[in-house]
Every structure is written in structure tokens, then in C-alpha cells.
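Everything on this sheet refers to the single structure shown next.
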Amino acid sequence: MANKMWGGRFGQKPDPLMEEINASIDIDRKLYRQDIAASKAHAAMLAKSGIITAQDAKKIAHGLDTILSEIEAGKFAFKRALEDIHMNVESRLAELIGPAAGRLHTARSRNDQVATDFRLWVRDAIDAIDGALAAYQRALAERALQHAATIMPGFTHMQTAQPVTFGHHLLAYVEMAARDRGRFADARARLNESPLGAAALAGTPFPIDRAMTAKDLGFARPMANSLDAVADRDFVLEALSAAAITATHLSRFAEEIVIWSSPLVGLIRLSDRFTTGSSIMPQKRNPDAAELVRAKSGRIVGALLGLLTVMKGLPLAYQKDMQEDKDGAIAAFEALALSIAAMTGMARDLEPDVARMRAAAGEGYSTATDLADWLVRAIKLPFREAHHVTGRIVAKAAEAGVTLDRLPLPAMQVIEPRITKDVFGVLSVDKSVASRAGYGGTAPKNVRAQAKSWLKRLEREGFSAQAQRPSR
Ligand code: ARG
């Protein structure tokens, strides 16, 4: 026979090229745990529904457990001729338990099987990413608390704009990660329906209990339409889209680490643990981990675009094209997990050069806006006019080669005679950041409160995650 799974009407063996293009085992072997869990749930349901005997179900469950331990021990011989994980497992099951193995595929198709397995896999990936993002947030919030009053230059257009606190800057990434986690959670909620029992596309005449397998696999409910159940890959697309946005955020932070650690800028120092040397230039300390996080965003965004392109012209229901959903997605989630871990490590590890940050924060007339605001408040100038006056004072300071808080009062009064010595109360970087104490502002006391509230939230969440962890 050409193929023992479906060779009934086939006379010839497949061309080696057919096997090469058709086989997905090199990739979908990563779904072995989900495949076995889904098969165990299916077999238990078949027995409960009276479709197979309890004895056969028991044999099947034991056989599947044996296969699981064989795979985990690295003793399982994956065969490309068997195409994919589903047929590799089923074929080994037949070797282990004999004819009862052939009953497992009753009321099921590889189409609903693969949709179920991959949903479970993506769900596990989402849960792992969520935990990693929580650890990343915790690392950032801890550093933010430590550096709530560390002053650094804030930038727009990469030009010194206004002084901010380093803690405030780090907490911006905590907020981004919170939205990322929210997107993953939303995707997870929509993903969490079971395709199992849709069979090839139309459902099955056997009296199966789809609610039972759904519940057993931790799904909220069975999917309502069998065609949709086998044809849908939204769950991968949504998770990849959340992954692409997350990777974009990580890449922005990575880019800042690259810039900040350049000797030209010198705002931070990465330890030897997250830098590499050069084989030719002995002085070099390269931020390779940050650069690679920046680059890995390419493969993650690429996986999203790749799968959107695969899916966009596919008629219902299952098409073999959909087998191409796994390679890019699995690589993307692996790259994302590694990127989050590396960024967490760097967030814990990097040391700001506090003196350099502070000096840089005062450069570039960063408190010019504070001066303009003072002119509005103290002498009631319209903001536009205050802006103009400040511009002339900045020019004067530039001419004298001093920062704004070092420019003598008489020099300012030449431009605006109503300025008094009180102006010096707003011109230092400390006064500038401390004054931005409204909700969401950069003032150290805000940052301290925000960092503490994040740490508390993350701790509470950690406890409840521990309490909810399933025993299975
Ligand atoms: N390896 C396949 C996939 O990943 C499993 C489904 C195959 N179904 C089929 N009718 N050929 O999509």
C-alpha cells in the first residue's frame, strides 16, 4: 500500500519531492504535547459517548502516555514519510497497542485536529509571553522606583526637549507592556473555543460530545460552525499581531539602549553580561543583545505579514496552504520570548551615568519652556509673547556660553525688564521636573507613586496566578 493512513485508493508511492513539500513534521513536532492531550480528550469522549469501548479508550490513553514519555526522553523516531505529528503519533500508537489505535480517528479529521492542537499551542505561548511580560514590567518598575529622582534629558526629534526623570522614562515601557498584555489577553479569550469535532469540515454523524472535549482541554466552549472551526486562523493572526506590536515596543527600547550606551552619548553603561567585544578592536563593548532584539522584531512582524498573505485568498474550508501557518508563527513566538527575556535582563542590568544624565538634562536650554511658563504666570505675558522673549534670552545664553540658570539677571532684564530673581526658582532641572506633578507628569513623587503602585499590582497578580495554576 502506498500510505497506510490513506493509501486505499493509491497505487503509487509519492515522489520524493512530494514528500519534501508535503511533510510538516520538522515543524509541527513541536505540537506533540498538545496533539497528545487533544487525542486523549477525544478518546475519553468517544468512550463516554459509547462510540468506542472503555477498554479501547484505556489502551489508547496508555499508548499516548507512552508516546509522550518517548518524545520527552528524545527516544521517539519521527518519520518524514508520515508527514506530520498527527500521523507520526497515530502510527506509533498502532505499533504500541495494535488495532485499537485505529479507532482513535473516529469522528475526527486532521483538519479539526490540527486546528485544535495549534490553538492549544498558541494559548500556551500566550500564557508564557504574559508571564515573561509581567517579569519585564517588574524589572522596569523596580528600576523606576530606584531612579524616580534621577534626572535625564527628555527628547523630541532626538533634540533635548525638557528634563524628565529616568524612572518616568522606564515606566513608559511598563505602560506599553500592560497594553501588550491586554492585547494578548483579548486574543486569548477569542481563541479559547474548541474546533474539535468539526471533523473534516461538515461535522460528524457520530453522537460525539463536543462540550466534553472542549471542557477537558480548557476551552470555554466548542466553536459553533464546523466550516469556520477548520478554516479559521484568526487566533494565530491576532496573537501574531499582539506579538508584532510588543516586538515593536521592545525594539524601541532596544534602540534607546543602543543610543544611550554609545560613547558619543554615554547616558548608560551595560555590564559585560549584556555586551560583546570585537575580535579586532579591543576597546569595543557592543550592545549586541539590544541590537538583536531590535532586529528580531523584523521576523515577528514578518510572520504576521506572511500569514495574512497565506490566508487572504483561501476559500472555505481547510486548504493545505494553512499548514504554512506554523513555521513563522512558532519562530516568532520563540523570538519574542527570547527578546522579552533579554530586555528584562538588560533592564535589570543597565547602570545610568547619573552625573552625565543630569548634565545632559541641563544642556540645550531644556528649561526654556519653564522660563516661558514663568513669564506667563509671573508677569502675565501671553504665551506666544513669552515664547518669543524666552527665545531671545536663550540666544543670549548661547552667546555667553552658559545654561539658562547661569545667565545673570541683568542680562535677562535687558530683554524683559519685569523679570525678577524669582525666575531662578524655575530654571534648574530639579525645579523643572518637580513642577510637573500633575497626573501622568514626570515629577519624582509621581514616579515613586506610580512605580510602587505597579509593583503592588504585579505582586498581587503573581499571587493570584499562582493560586489559579492548573494542576494538570
Ligand atoms: N499537517 C497538516 C497541517 O498542518 C494537518 C492537516 C492535514 N489535513 C489534510 N486534509 N491534509 O495543516
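Residue separation times 0.36 nm, minus the C-alpha to C-alpha distance between Ala224 and Ala135: what's the value?
28.4 nm
Residues of the stretch 407-432 with amide nitrogen under 16 Å from the 7 Å Cα-to-Cβ point of Arg377?
Under 16 Å, as judged by backbone N against the label point of Arg377, lie 419-432 of the stretch 407-432.
Using alpha carbon coordinates only, what is the Rg to Rh ratio of the chain, with Rh defined as the Kirkwood radius?
1.15
Hey, what angle do you get for helix 54-72 against the long axis of the chain, alpha-carbon based, 0 to 90 degrees rounded to 10?
For helix 54-72, the angle is close to 50 degrees.
Would you mind getting me the FRET efficiency between Gln12 and Thr66? Use the beta-carbon distance for r and R0 = 30 Å, nearest 0.05.
That gives a FRET efficiency of 0.35.
Could you compute the FRET efficiency for Asn3 and Ala185, with r as their C-beta to C-beta distance and R0 at 51 Å, rounded to 0.05?
0.75
Label-point separation (nm) for Thr309 and Gln146, each offset 7 Å from Cα along Cα-to-Cβ?
My value for the distance between the label points is 4.3 nm.
Which value in nm describes the separation of the simple spin-label points at Leu338 and Gln55, placed 7 Å from the Cα toward the beta carbon?
5.1
Residue separation times 0.36 nm, minus the C-alpha to C-alpha distance between Leu316 and Phe463: what's the value?
48.5 nm
List residues of the stretch 412-435, by number, whose backbone nitrogen lies under 15 Å from a label position 7 Å along Cα→C-beta of His388.
The answer is 415-417.
Taking the Cβ of Ala290 as the centre, find all other residues whose Cβ is under 9 Å away and add up their charges (Lys, Arg: +1; Asp, Glu: -1).
-3
Given a Förster radius of 22 Å and the C-beta distance between Ala295 and Ser262 as r, what FRET efficiency does 1/(1 + (r/R0)^6) yield to the nearest 0.05?
0.80
Scan the stretch 358-398 for trypsin sites (Lys or Arg not before Pro) in coil per DSSP, keeping those whose Cβ has at most 10 other Cβ atoms within 10 Å, and list them by number.
Lys380
Could you check the spin-label model distance between Ala411 and Asp124? Points 7 Å from the Cα along Cα→Cβ, value in nm.
6.7
What's the local net charge at Trp454, with K and R +1, D and E -1, over the other residues with C-beta under 13 Å away?
+4
If Lys and Arg each add +1 and Asp and Glu each add -1, what is the summed charge of the other residues whose beta carbon sits under 15 Å from the beta carbon of Pro315?
Residues close to Pro315 contribute a combined charge of 0.
Per DSSP H run of at least 4 residues, take -39500 (n - 2.57); add these up for the chain, divide by its residues and hand me the 222 nm value, nearest 500 deg cm²/dmol.
Helix-only estimate at 222 nm: -20500 deg cm²/dmol.
Starting from 0.36 nm per residue, how many nanometres of slack lie between Arg418 and Thr369 once their C-alpha separation is accounted for?
15.9 nm is the gain from fully extending Arg418 to Thr369.
Throughout, read-outs are computed from the coordinates displayed, never taken from laboratory work. These figures come from a predicted structure and were not determined experimentally. Neighbour counts are summed over all protein chains in view; Cβ atoms, including those assigned to glycine, are modelled from backbone coordinates with ideal geometry.
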